[in-house]
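Colleague: Take a look at the following structure, please.
The values are calculated or read from the model by the stated rules, or taken from the named source; none is laboratory data. Fair warning: this is a prediction, and the values are worked out from it, not measured in the lab. Counting neighbours? That spans all protein chains shown, and the Cβs are built from the backbone with ideal geometry, glycine included. To get the accessible areas, we keep the full protein, side chains included, count just its heavy atoms, and leave off ligands, DNA and RNA. Shrake-Rupley method; radii C 1.70, N 1.55, O 1.52, S 1.80 Å.
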Amino acid sequence: MMRRVTPANPIVDALDQAGYRLTGPRRAVADLITEHNGHFTASDLEAAARSRRLGLSRATLFRALDLLTELHVVERMDLPSGEHAYVPCAPAHHHHVICSRCGRTSRVEDCGLAGVVAEVARRSGYAIETHRLELFGLCRHCQAKTSSPD
């Protein structure tokens, strides 16, 4: 009997390493997330789950997203529209550049922001615990579409 080898899912791995039960709904949410390219909303996941008839409730999706955010494998973003979106992430600290047209998301390393945070802490007297930076603009692909004649 041959066992089918499934590709590693970093979200499932993170749940396992943190000691959480790998329930069917959690695995389903992890699979839905890893299939997205760029950011996604809870509504996106809900629609995908419904179309596949996975039987995941909205409450289950939000509980899973909250847990995955706590584990730092998914990061919540506030879009310019006011809507909340999520993006799968590596646990190391980083920032995102998000295309405001197509939703493509790119990870950006520190780029000198640590020095700015240290200066803000020095000037304000605050002990900065964390920060979050999200940059929005048009990706190269959408820029090319905008500049090309129709």
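Colleague: So, in the stretch 130-150, of the ones that are more than 23 Å from the chain's Cα centre (by Cα) and modelled with pLDDT under 80, which residue ends up least open to solvent (accessible area, probe 1.4 Å)?
Modeller: Applying the filter and picking the extreme gives S148.
Colleague: Of all residues in the stretch 119-129 being open to solvent by less than 80 Å² (accessible area, probe 1.4 Å) and either small (G, A, S) or at pLDDT below 85 (or both), which is nearest to F40 (Cα to Cα)?
Modeller: A121
Colleague: From A28, A85, A48, grab the single residue that is under 30 Å from Q143 (Cβ atoms), in contact with a helix residue (DSSP H, G or I) (Cβ under 8 Å, 6 or more places away or on another chain) and of a type outside the set (D, E). I'd like the intermediate steps shown before the answer.
Modeller: On the way: A28 fails: under 30 Å from Q143 (Cβ atoms); A85 fails: in contact with a helix residue (DSSP H, G or I) (Cβ under 8 Å, 6 or more places away or on another chain).
Every option except A48 fails the conditions.
Colleague: For the stretch 101-118, indicate whether the set of residues that are within 18 Å of A14 (Cβ to Cβ), crowded, with 17+ Cβ neighbours inside 10 Å, without any contact (Cβ under 8 Å) to a residue 40 or more places away in the chain and in contact with a strand residue (DSSP E or B) (Cβ under 7 Å, 6 or more places away or on another chain) is non-empty.
Modeller: Looking only at the stretch 101-118, we keep the residues that are within 18 Å of A14 (Cβ to Cβ), and these are 107.
Filter once more, keeping what is crowded, with 17+ Cβ neighbours inside 10 Å: none.
No, the stretch 101-118 has no match at all.
Colleague: For residues that are within 18 Å of T130 (Cα to Cα) and in a loop (DSSP other than H, G, I, E, B), tally how many sit in the stretch 48-105.
Modeller: So the answer is 9.
Colleague: May I pose another question? What residue, of R52, R63, R26, is in contact (Cβ under 8 Å) with a residue 24 or more places away in the chain, on the phi < 0 side of the Ramachandran plot and among the basic types (K, R)?
Modeller: The conditions single out R26.
Colleague: Here is a further query. Of all residues in the stretch 7-56, count the ones that are open to solvent by 50 Å² or more (accessible area, probe 1.4 Å) and closer than 24 Å to D78 by Cα.
Modeller: Looking only at that region, the number is 9.
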